[in-house]
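The values are calculated or read from the model by the stated rules, or taken from the named source; none is laboratory data. Model, not experiment: these values are computed from the prediction. Because the Cβ atoms are built from the backbone with ideal geometry, glycine has one as well, and the counts that use them run over all protein chains shown.
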Amino acid sequence: MKSFYVDNCVTIASNEDNLYRFIEDSKHLLACYDLRGWEHTSLKIGRDPSDTLPVFGLLWNKDEDIIFCDTTVLKCSSFDLTRRNVLNIIHKIFDPLGVLSPATLIPKLLIQRSWNLKMGWDTVLSVDNQREFTSWLRDVDCLLNAKIARSLNIDKIHGLS
């Protein structure tokens, strides 16, 4: 039960028997909670056929067992490019492991520069900063190509000294 976050749980079971035991133990331990929405990669235990579902702000493709960023949340209608709006867009990229940090560096540096200039939250960014941000926003779809294996299937560990 150490893997709970608010009302979601992400865990790994070594086999289907352990998965089934975990589900049953969870229902027993949390008897007063409505436990539903179980998702897993098991082929034997009542699996939902949908390919992709949201997990903690990311997307999980169950068939390929990969996690990736949903960039559709970054697409927005036209609005003034203020520090508040830029920060709002940046924070829609959820990256608990930090693997996408290099891709979010440009807008974060843009926010830092606006902070150093003591700009207000609702002050429109300069033309150069707007151009830089819109260029980044156009290219951010490449994050869809960043696919992260949910688990590492390593059967050997090599050490060098």
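For this structure, a couple of remarks:
- V86 vs. criteria within 16 Å of the chain's Cα centre (by Cα) and among the aliphatic types (A, V, I, L, M): no
- Assessment of segment 107-120 against the conditions (under 29 Å from T52 (Cα atoms) and modelled with pLDDT under 90) yields no matching residue.
- When segment 64-83 is limited to residues that are surrounded by fewer than 14 Cβ atoms within 10 Å (Cβ to Cβ) and at pLDDT 80 or above, the one that is farthest from L110 (Cα to Cα) turns out to be D65.
- Selection within segment 89-107 - assigned to a helix (DSSP H, G or I) and either in contact with a Lys or Arg (Cβ under 6 Å, 6 or more places away or on another chain) or surrounded by 13 or more Cβ atoms within 10 Å (Cβ to Cβ) (or both): I89, I90, A103, T104, I106, P107
- Top-ranked residue of segment 1-33 - restricted to ones that are at pLDDT 75 or above, under 21 Å from S151 (Cα atoms) and among the aliphatic types (A, V, I, L, M), ranked as surrounded by the most Cβ atoms within 10 Å (Cβ to Cβ): L19
- Restricting attention to segment 121-161, the residues that are in a helix (DSSP H, G or I) and either at pLDDT 90 or above or among the β-branched types (V, I, T) (or both) total 11.
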